[in-house]
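Read the structure below first, then the notes.
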Amino acid sequence: MKPASLDQNIIYLCADFSHKFSQAMAAAFRQHDIDITAEQFSILVALWYRDGMSQKEISEQLNRDKTTITRVLINMKKNKLIRQVTDANDNRSNLIYLTAKGKAIQQAGVSVAGRLYQQVLKDLSKTQLKAGIDILQKMIAAL
């Protein structure tokens, strides 16, 4: 089925929403003096759920290439948001942990991002939200 226009193209709309949400989140972070990027925030959240992941695991968890994750982690380490510890089971691998500063920024970021998330969803019913999630999950699985 060929969409009549870009505003009827679900792939375009997904990308446009993702881009606009990232911009809105970055603006909200700046407004609340939370000095992190969307990429850094995604890593902080992943580590909140499972602290002590390897770089490879973070890359897989977030579906990002290793080079991007490496670049972001270098900046996060420089800003003292994370610390790296040599894996006791594999000396070739480092495990990434949140620092106290990283945990504090993660919590502040979740609060701000959560309010933005609620704002975006406020006019959707539970049924609409579930249908949208189901559609996106099917599209992702098709890839």
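The tail of the calculated P(r) for the chain beyond 26 Å holds 36 percent of all Cα-Cα pairs. For LEU143 and LYS122, the FRET efficiency from 1/(1 + (r/R0)^6), where r spans their Cβ atoms and R0 equals 30 Å, is about 0.50. Mean residue ellipticity, 222 nm, helices only, the chain: the sum of -39500 (n - 2.57) across DSSP H runs of n ≥ 4, divided by residue count and rounded to 500, is -21500 deg cm²/dmol.
Fewest neighbouring Cβ atoms within 10 Å first, the residues LEU44, LEU143, LEU62 line up as LEU143, LEU62, LEU44. Between ALA38 and THR99, the contour length at 0.36 nm per residue exceeds the Cα-Cα span by 20.1 nm. Shown here for segment 51-103: trypsin sites (Lys or Arg not before Pro) in loop regions (DSSP other than H, G, I, E, B) with at most 14 other Cβ atoms within 10 Å, namely LYS80. Overall form of segment 1-60: oblate. Here a/c, set by the Cα gyration tensor axes a ≥ b ≥ c, is 1.5 or more, and a/b is not larger than b/c.
Against the chain, whose longest principal axis is taken from its Cα atoms, helix 10-31 shows a tilt of about 50°. Along segment 41-52 the Karplus relation, 6.51 cos²θ - 1.76 cosθ + 1.60 evaluated at θ = phi - 60°, assigns HN-Hα couplings of 4, 4, 5, 4, 5, 4, 6, 4, 6, 8, 5, x Hz to successive residues, with x for each Gly and Pro. With the simple model of a label 7 Å out from the Cα in the direction of the Cβ, GLU57 to SER111 spans 2.9 nm. Each Lys and Arg Cβ is given +1 and each Asp and Glu Cβ -1; about its Cα centre, the chain then shows a dipole of about 220 debye. Structure shown: which of LYS80/LYS122; LYS56/LYS103; LYS20/LYS78; LYS56/LYS80 lie over 30 Å apart, alpha-carbon to alpha-carbon? Table pairs above 30 Å Cα-Cα are LYS80/LYS122.
We did not get these values from a lab; they are worked out from the coordinates using the rules stated. Model, not experiment: these values are computed from the prediction. So basically every Cβ, Gly included, is an ideal-geometry build from the backbone, and we count neighbours across all protein chains shown.
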